[in-house]
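Single-structure report; data block below.
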Amino acid sequence: MLSGALVLGCVGEARAAVGAQPNGDDDVAGWADILREGSGQTVAFHAWGGDERINAFIAWAGAQARVLYGVQLRHVKLRDAAEPVALVAAERAAGNTRNGSADLVCVEGRNLSAMRQSGLLDGPVLNLLPGARRVARRDKPSTVMDRMVPLDGYAVPWRLAQLVFIHETRDGDEPPGSIPAMLEWALRHPGRLSHAGVRDANGLAFLEQALHELVSDKDLLRHPVAPPDFARASAPLWDWYDRLRPALWQGGKVFPSSQVQQRSLMKAGEIGLMASLDPSDAVVSIAAGTLPRSARAYVLDGGTVGHCSFVAVPFNAAHRAGALLVANFLLSPQAQARLTDPRYVGVPTVLAMDRLSPADYAYFDAVPRVPDLLSDAERGLPLLEPHVSWVDQIIEGWEKRCAA
């Protein structure tokens with residue numbers, strides 16, 4: 001188990017490459033021009049600011065980019081992941097096509113699809129980055145395809161997420177291993193299961209997991225869906241959920257607003273089961289004292305949904321070259337190993353281990369092994385999320401039932 005000091009990084013640190021271009025990046029055609037142009041630029045990186053571990057990682061990455069590339073990274077902390085869509089669209093409407101206020105944005109799901117379809121992204125850019133050659137594509141298709149929509153190089157993967165369930169082992173019985181079993185568990189333990197509302201990524205993933213297990217024809221999830229087809233396909237989901245809701249925390253009348261609140265509920269003994277898109281949530285939160293020491297994470301028997309977070313360059317970025325340098329650093333083994341390190345973040349890497357040199361692999365080999373942290377083998381390959389067209393209809397269906 002991690003100690004609090006370990007989480008704070010007091011027991012060593014993942015190595016950082018400084019003073020030279022990492023991993024032979026300077027031998028890629030055209031990269032030297034981007035290096036020259038980007039040096040000295042200040043990159044405005046618009047990314048959600050609600051996770052202190054990610055905020056600290058971005059600050060660290062900025063320090064490394066400054067030494068490696070001469071780039072200054074400014075983290076513009078977002079309160080809503082949809083903000084970049086509105087910002088860049090407004091700038092285009094105002095005629096600002098060359099001097100945008102965002103140079104790099106963190107996007108995924110509906111927001112990424114909206115920016116891509118509206119022509120708000122520069123690209124393709126992934127093929128310009130030397131680090132792209134290390135990205136896992138075959139075994140981790142979500143790195144190049146977001147919610148079943150090919151990205152065609154318009155976005156750069158940088159971190160993975162996968163749904164896990166955290167249970168309070170002091171409850172004494174085995175936690176449910178499937179969505180149908182979860183209903184039975186909740187009926188035996190009324191009020192002990194909670195999930196966030198579906199405008200929270202964790203709450204949405206909870207319903208997507210249920211849909212994936214309950215839909216009769218899973219191939220439907222791979223394709224765009226019209227409202228009549230959604231109504232038919234989602235009927236088993238809503239039948240299940242309508243039975244589940246009264247057994248949720250507070251009788252399903254209110255829902256936790258965040259993971260912070262859910263952890264507080266479990267720490268206080270009010271709930272015994274919750275969902276999280278952060279595979280390291282239990283280990284890190286126990287070390288931080290925000291979850292009980294008896295909490296453990298696990299995945300369902302048939303696997304769980306997962307997705308990738310991306311960075312992208314707006315079409316009107318004022319500092320495009322600097323943004324590409326930062327995006328490339330996020331793909332470096334140094335940065336990716338630090339993301340996997342539970343002392344800092346603790347999420348799966350987007351890289352393919354078999355594409356790493358021995359020197360590259362050494363960064364990952366230096367990450368401490370934590371007994372209670374789920375391994376890649378224990379998590380299994382994540383299930384792909386439904387096509388992006390399903391998202392709004394899931395949210396609408398839930399809010400008709402549950403939103404105040």
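The values are calculated or read from the model by the stated rules, or taken from the named source; none is laboratory data. These numbers come from a predicted model, not from an experiment. No Cβ is skipped: glycine too gets one built from the backbone with ideal geometry, and neighbour counts run over all protein chains shown. Ligands, DNA and RNA are stripped out before the accessible areas are found, and what is left, the full protein with its side chains, is counted by its heavy atoms. Shrake-Rupley method; radii C 1.70, N 1.55, O 1.52, S 1.80 Å.
By the equivalent-ellipsoid construction on the alpha carbon gyration tensor, the stretch 84-192 comes out with semi-axes of 40, 19, 12 Å, ordered largest to smallest.
With bins 5 Å wide beginning at 0, the percent of Cα pairs of the stretch 317-403 falling in each bin runs 3, 11, 15, 15, 13, 12, 13, 10, 6, 2, 0.
Computed over the chain with a Gaussian network model linking Cα atoms closer than 10 Å, the most mobile of PRO84, PRO236, PRO314 is PRO236.
Ranking ARG192, ARG133 from most to least accessible surface, computed with a 1.4 Å probe over the protein chains only, gives ARG133, ARG192.
Rounded, prolate or oblate for the stretch 240-311? Axes are the square roots of the Cα gyration tensor eigenvalues, ordered a ≥ b ≥ c, and the cut-off for rounded is a/c under 1.5. Because a/c hits 1.5 or more and a/b fails to exceed b/c, the stretch 240-311 counts as oblate. Ligands, DNA and RNA aside, VAL260 has an accessible area near 90 Å² when probed at 1.4 Å. Divide the volume of the convex hull around the Cα atoms of the stretch 140-227 by the residue count and you get 153 Å³ per residue. For the stretch 190-257, what class follows from the C-alpha gyration tensor (a ≥ b ≥ c being the square roots of its eigenvalues): rounded when a/c is under 1.5, otherwise prolate if a/b is larger than b/c, else oblate? Prolate, because a/c is 1.5 or more and a/b exceeds b/c.
As a size descriptor, the averaged projected area of the C-alpha convex hull of the stretch 280-369 was calculated at 8.7 nm². Just checking the listed ones, ALA318, ALA47, ALA94: in the Gaussian network model of the chain with Cα springs under 10 Å, the one fluctuating most is ALA94. Distance from the C-alpha centroid of the stretch 368-387 to that of the stretch 101-168: 19 Å, rounded to the whole angstrom.
Roughly how many Å is it from the Cα centre of the stretch 181-221 to that of the stretch 315-342, as a whole number? Measuring centre to centre over Cα atoms gives 34 Å. Using only Cα atoms, tell me the angle between helix 83-93 and the longest principal axis of the chain; keep it within 0 to 90° and round to the nearest 10. Tilt relative to the chain: about 50 degrees. Within the chain, the longest segment free of exposed loop sites, counting GluC sites (Glu not before Pro) that fall outside DSSP classes H, G, I, E and B and have at most 15 other Cβ atoms within 10 Å, spans 14-269. Each Lys and Arg Cβ is given +1 and each Asp and Glu Cβ -1; about its Cα centre, the chain then shows a dipole of about 580 debye. Between ALA132, ALA287, ALA201, the Gaussian network model of the chain with springs among Cα atoms under 10 angstrom shows the greatest mean-square fluctuation at ALA201. Building the convex hull from the alpha-carbon atoms of the stretch 41-109 and averaging its projection over directions returns 5.0 nm².
For the stretch 248-404, the share of alpha carbon pairs falling in successive 5 Å distance bins from zero is 1, 7, 13, 14, 16, 17, 14, 9, 6, 2, 0 percent. Beta-bridge orientation, the chain: approximately 60 percent antiparallel, per DSSP, counting only bridges with both partners inside.
Quick one: grab the alpha carbon gyration tensor of the stretch 25-167, order the square roots of its eigenvalues as a ≥ b ≥ c, and give me rounded if a/c is under 1.5, else prolate or oblate depending on whether a/b is larger than b/c.
rounded
The residues of the chain present an accessible area of 41 Å² per residue when probed at 1.4 Å with all protein chains retained. Of the residues LEU373, ALA201, GLY95, the one whose Cα sits farthest toward the positive end of the charge dipole of the chain, with +1 on the Cβ of Lys and Arg and -1 on the Cβ of Asp and Glu, is GLY95.
Per residue, the chain reaches -11500 deg cm²/dmol at 222 nm when only DSSP H runs of four or more residues are counted, each adding -39500 (n - 2.57).
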